[in-house]
């Protein structure tokens, strides 16, 4: 059974969120998830996802090979997007 999630692909908000997260915290999250050797290269793959069942807000990256990787939770940051959420099935 699929579950409903809300995703936000607004690059301006995601850039502001990444600036707020900072380089040290971002690189530590990449190391924790084993993504430090294959860092995200372009901004087009980033998105923020809200899961309705757990109410988590997480930052993900979708590589050009269509592999989606979790980067870090972003609930509690000021620059989490408010507008342009899209409902999708996961």
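Bear in mind these aren't lab numbers, they're just calculated from the coordinates by the rules spelled out. Just so it is clear, the structure is predicted and the values come from calculations on it, not from any experiment. Virtual Cβ from ideal backbone geometry, glycine too; neighbours counted across all protein chains shown.
Would you mention how many residues in the stretch 29-49 are in a helix (DSSP H, G or I) and exposed (fewer than 14 other Cβ atoms within 10 Å of the Cβ)?
Here the count works out to 4.
Checking residue 76 against (1) closer than 12 Å to residue 21 by Cβ; (2) in contact (Cβ under 8 Å) with a residue 12 or more places away in the chain; (3) outside any strand (DSSP E or B), only one condition comes out false. Which one?
For residue 76, the failing item is (2).
So in the stretch 56-73, with the set limited to residues that are in a loop (DSSP other than H, G, I, E, B) and without any contact (Cβ under 8 Å) to a residue 12 or more places away in the chain, which one is surrounded by the fewest Cβ atoms within 10 Å (Cβ to Cβ)?
65
Quick check on my filter: what residues within the stretch 8-28 are under 12 Å from the mean Cα position of the chain (by Cα), surrounded by fewer than 17 Cβ atoms within 10 Å (Cβ to Cβ) and either outside any helix (DSSP H, G or I) or in contact (Cβ under 8 Å) with a residue 60 or more places away in the chain (or both)?
Of everything in the stretch 8-28, just one residue is under 12 Å from the mean Cα position of the chain (by Cα), surrounded by fewer than 17 Cβ atoms within 10 Å (Cβ to Cβ) and either outside any helix (DSSP H, G or I) or in contact (Cβ under 8 Å) with a residue 60 or more places away in the chain (or both), namely 9.
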